[in-house]
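Taken together, the values in this text are just the output of simple stated rules run on the coordinates, not laboratory data. Fair warning: this is a prediction, and the values are worked out from it, not measured in the lab. Cβ: placed from backbone, ideal geometry, glycine included. Neighbour counts: every protein chain shown.
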């Protein structure tokens, strides 16, 4: 299983490389799934939205989302985080991603391979071309 993300939070220098790396993971997942399928090895890619980890919860990112505040807090950015999903939540929990990983690793998913699975609360549906 390969983690990926549905969001591209940086729409500046480096964002093209970030987007390119996501596309590479998608293609790599599909190619590896095809190559490894005869050996019953499954390869899938998980695409979470914002996840409640240190990658989301940090002062630098808070300032990106709230440049109007000198020292924005987590509470200051929650409305901005919620804006990205179709479901009214600011982020998913790591346990949500872990549950998908456990399912994909289980025998219940024994014939699921080469898939791109989003755990994004509808963010890609809301912003198919990325947020503007």
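Here is how the numbers come out for the structure above:
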read-out: The chain: angle of helix 74-83 to the longest principal axis, Cα-based, in degrees nearest 10; value: 60 degrees
read-out: Highest-first arrangement of 102-113, 26-37, 79-90, where packing means the average Cβ count within 10 Å; value: 79-90, 26-37, 102-113
read-out: For the range 2-126: relative contact order, % (alpha-carbon pairs under 8 angstrom, 6 or more apart); value: 33 percent
read-out: Among (1) 1.02; (2) 0.93; (3) 0.96, the entry that matches Rg/Rh (Cα atoms, Kirkwood Rh) as calculated here; value: (1)
read-out: Tilt relative to the chain, helix 94-105 - C-alpha long axis, 0 to 90 degrees, to 10; value: 10 degrees
read-out: Whole-Å distance, taken between Cα centres, linking the range 63-97 and the range 23-48; value: 31 Å
read-out: Virtual spin-label span in nm between residue 110 and residue 70, 7 Å along Cα→Cβ; value: 6.3 nm
